[in-house]
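Chemist: Handing you a structure now.
The values are calculated or read from the model by the stated rules, or taken from the named source; none is laboratory data. What you see is a predicted model, and the numbers here were worked out from it, not measured in a lab. Glycine gets a Cβ as well: all are built from the backbone with ideal geometry, and neighbour counts include every protein chain shown. What goes into the accessible areas is simple: the full protein's heavy atoms, side chains included, and nothing from ligands, DNA or RNA. Shrake-Rupley method; radii C 1.70, N 1.55, O 1.52, S 1.80 Å.
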Amino acid sequence: FVVGIVSGGLPATMYGVFGIYLNVPGYVYGATGALCRLPWSFKMFLGALHDNVPVRGLRRSPYMALGWSVCGAALLALAAGGLPDPYWCADSDGHYVTTCDTPHSSHPACVPSVDSPRDIGGEAAAAPCNAAAAAGAGR
């Protein structure tokens, strides 16, 4: 059960967090996927290590306990850290304001400035609320 959550559940949340919430470019999203798959690449080397270097006469148990301890500590650190502010502003209903159409025309993200609103296919794009996310996303 826990292996399924770590191997499948956590990578499944990457699109929602990185792609939508933070609006990072595609190469950053791809790099996060590669980083999540990186430990699988070391499987052969770690297998040879714990088969040839036993700890107190045990070959696999101490390495599994160490690995799950590191995984648990990393998950606790992620949970305690919180999320940065989202890239897009949210309206009173909690939906992200990405375009300045009629319902959102009075939203602060739709107030004209030097960069905004931008015309995207006939719709004016809203300005992002988190300038740091915009700069970090290469925009």
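Chemist: What are the residues in the stretch 37-59 that are open to solvent by less than 70 Å² (accessible area, probe 1.4 Å) and part of a helix (DSSP H, G or I), if any?
Modeler: Gly47, Ala48, His50, Asp51
Chemist: Let me ask something else. Every residue in the stretch 72-91 that is within 17 Å of the chain's Cα centre (by Cα) and either basic (Lys, Arg) or outside any loop (DSSP other than H, G, I, E, B) (or both), please. Break it down stepwise before answering.
Modeler: Pass one, the stretch 72-91, residues within 17 Å of the chain's Cα centre (by Cα): 74-88.
Once the filter is applied, which keeps residues that are within 17 Å of the chain's Cα centre (by Cα) and either basic (Lys, Arg) or outside any loop (DSSP other than H, G, I, E, B) (or both), the stretch 72-91 yields Ala74, Leu75, Leu76, Ala77, Leu78, Ala79, Ala80, Gly81.
Chemist: Would you call Gly94 part of a loop (DSSP other than H, G, I, E, B), without any contact (Cβ under 8 Å) to a residue 40 or more places away in the chain, within 27 Å of Leu10 (Cβ to Cβ) and within 22 Å of the chain's Cα centre (by Cα)? Break it down stepwise before answering.
Modeler: Details: part of a loop (DSSP other than H, G, I, E, B): yes; without any contact (Cβ under 8 Å) to a residue 40 or more places away in the chain: yes; within 27 Å of Leu10 (Cβ to Cβ): yes; within 22 Å of the chain's Cα centre (by Cα): yes.
Against the criterion (part of a loop (DSSP other than H, G, I, E, B), without any contact (Cβ under 8 Å) to a residue 40 or more places away in the chain, within 27 Å of Leu10 (Cβ to Cβ) and within 22 Å of the chain's Cα centre (by Cα)), Gly94 qualifies.
Chemist: Something else about it: Take the conditions out of contact with any Asp or Glu (no Cβ under 9 Å at 6 or more places or on another chain) and modelled with pLDDT under 65 and apply them to Ala137. Does it pass? Show your work before the answer.
Modeler: Details: out of contact with any Asp or Glu (no Cβ under 9 Å at 6 or more places or on another chain): yes; modelled with pLDDT under 65: yes.
So Ala137 passes the test.
Chemist: Hey, among Leu22, Leu76, which residue is closer than 30 Å to Asn130 by Cβ, open to solvent by less than 60 Å² (accessible area, probe 1.4 Å) and not acidic (Asp, Glu)? Walk me through how you get there before you give the answer.
Modeler: Details: Leu76 fails: open to solvent by less than 60 Å² (accessible area, probe 1.4 Å).
Result: Leu22 is the single residue among Leu22, Leu76 that is closer than 30 Å to Asn130 by Cβ, open to solvent by less than 60 Å² (accessible area, probe 1.4 Å) and not acidic (Asp, Glu).
Chemist: Something else: State all residues of the stretch 1-18 that are small (Gly, Ala, Ser) and at pLDDT below 80; if no residue qualifies, say none.
Modeler: The initial filter retains those residues of the stretch 1-18 that are small (Gly, Ala, Ser), namely 4, 7-9, 12, 16.
Once the filter is applied, which keeps residues that are small (Gly, Ala, Ser) and at pLDDT below 80, the stretch 1-18 yields Gly4, Ser7, Gly8, Gly9.
Chemist: If Tyr87 passes every condition in (1) touching a helix residue (DSSP H, G or I) at 6+ places or on another chain (Cβ under 9 Å); (2) open to solvent by 70 Å² or more (accessible area, probe 1.4 Å) but one, which one does it miss?
Modeler: (2)
Chemist: Check Ser106 against each of (1) at pLDDT below 60; (2) not in a helix (DSSP H, G or I); (3) not charged (D, E, K, R) and name the one condition it does not meet.
Modeler: (1)
Chemist: Can you tell me which residue in the stretch 34-46 is nearest to Val97 (Cα to Cα), limited to those that are modelled with pLDDT of 85 or more and either of a type in the set (Gly, Ala, Ser) or in contact with a helix residue (DSSP H, G or I) (Cβ under 6 Å, 6 or more places away or on another chain) (or both)?
Modeler: Checked the stretch 34-46; the qualifying residue nearest to Val97 (Cα to Cα) is Ala34.
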